[in-house]
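The values are calculated or read from the model by the stated rules, or taken from the named source; none is laboratory data. Not measured: the values here are computed from a predicted model. Note that we place each Cβ from the backbone using ideal geometry, even for glycine, and neighbour counts take in every protein chain shown. The accessibility values were calculated without ligands, DNA or RNA, using every heavy atom of the protein model including side chains. Shrake-Rupley method; radii C 1.70, N 1.55, O 1.52, S 1.80 Å.
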Amino acid sequence: SGKSKLDSLRLELNNSLKDTNRVNILGELSFEYRVIDWDSSFLFARQGLELSKELSYTSGCARQYKNMGIIKRYKGEFNKSAGYHFEAIKRWYILGNNNEIGNEIYNLSAVFKELGLYTKAAEFTNIALNIFESIGDSIGVYSCFNMLGILYYVENDFGKAILYFKHAAEISLD
């Protein structure tokens with residue numbers, strides 16, 4: 001159950017040293033709390049970010065920025081969300097992690113969609129789509145086609161919307 005997982009993670013956290021393992025536990029707690037309590041989720045991510053910086057743990061920083069960006073988007077704080085996602089992209093770029101760069105660019109497209117900046121959202125979605133296609137990430141490609149379908153739908157371009165939803169459906173059937 002969810003509660004026992006949280007209890008287990010809290011126990012692990014209490015018994016952990018100030019190392020990358022602790023950062024990873026804080027990240028997992030942040031992720032698990034997203035559906036329960038955004039403020040607690042953000043606090044765990046911020047603690048993980050602070051420790052990641054102390055340890056010069058680049059991927060830890062990137063993961064925590066990603067969590068913080070998602071939480072801020074859920075809370076409707078879109079400018080802060082975008083800032084955190086850009087910070088994550090910088091770190092994933094240093095690490096050469098194209099999958100996570102694609103995920104972060106996709107997250108930014110979701111922020112732009114929420115702001116009603118549909119053209120900008122489509123631009124970012126297409127960038128993410130190109131990344132996902134180049135690395136063979138079918139889930140990423142599916143997500144991008146679906147997002148493009150939604151973006152064209154809200155712009156009343158139903159022909160393009162249907163086209164992208166069909167592309168998404170074809171991938172999900174594979």
Inside segment 14-33, the number of residues satisfying the requirement of being under 20 Å from Ser4 (Cβ atoms) and among the basic types (Lys, Arg) is 0
Subset of segment 51-67, residues open to solvent by less than 40 Å² (accessible area, probe 1.4 Å), within 21 Å of Asn14 (Cα to Cα) and aliphatic (A, V, I, L, M), comes to Leu51
Filter segment 3-21 for residues that are of a type outside the set (S, T, N, Q) and either open to solvent by less than 60 Å² (accessible area, probe 1.4 Å) or touching a strand residue (DSSP E or B) at 6+ places or on another chain (Cβ under 6 Å) (or both); the one that is farthest from Asp37 (Cα to Cα) is Asp19
Practice problem: Kindly establish whether Gly48 is open to solvent by less than 30 Å² (accessible area, probe 1.4 Å) and of a type outside the set (Ser, Thr, Tyr). | Solution: yes
Among residues of segment 131-157 being outside any helix (DSSP H, G or I) and closer than 27 Å to Trp92 by Cα, the residue most open to solvent (accessible area, probe 1.4 Å) is Gly136
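Only one of these is in a helix (DSSP H, G or I), within 18 Å of Ile135 (Cβ to Cβ), open to solvent by less than 70 Å² (accessible area, probe 1.4 Å) and touching a residue at least 12 places away in the same chain (Cβ under 8 Å): Ile70, Ile105, Ile94. Name it.
Working: Ile70 fails: within 18 Å of Ile135 (Cβ to Cβ); Ile94 fails: open to solvent by less than 70 Å² (accessible area, probe 1.4 Å).
The match here is Ile105.
Just give me the residues in segment 124-139 being of a type outside the set (Val, Ile, Thr) and in contact (Cβ under 8 Å) with a residue 12 or more places away in the chain, in sequence order. Talk me through it step by step, then tell me what you get.
If we filter segment 124-139 for residues that are of a type outside the set (Val, Ile, Thr), which is where we start, we get 124, 126, 128-130, 132-134, 136-138.
Phe124, Asn126, Ala128, Leu129, Phe132, Ser134, Asp137, Ser138 - these are the residues of segment 124-139 that are of a type outside the set (Val, Ile, Thr) and in contact (Cβ under 8 Å) with a residue 12 or more places away in the chain.
Is it true that Asn99 is farther than 23 Å from Lys72 by Cβ and open to solvent by 50 Å² or more (accessible area, probe 1.4 Å)?
No; evaluated as a whole, the condition is false for this residue.
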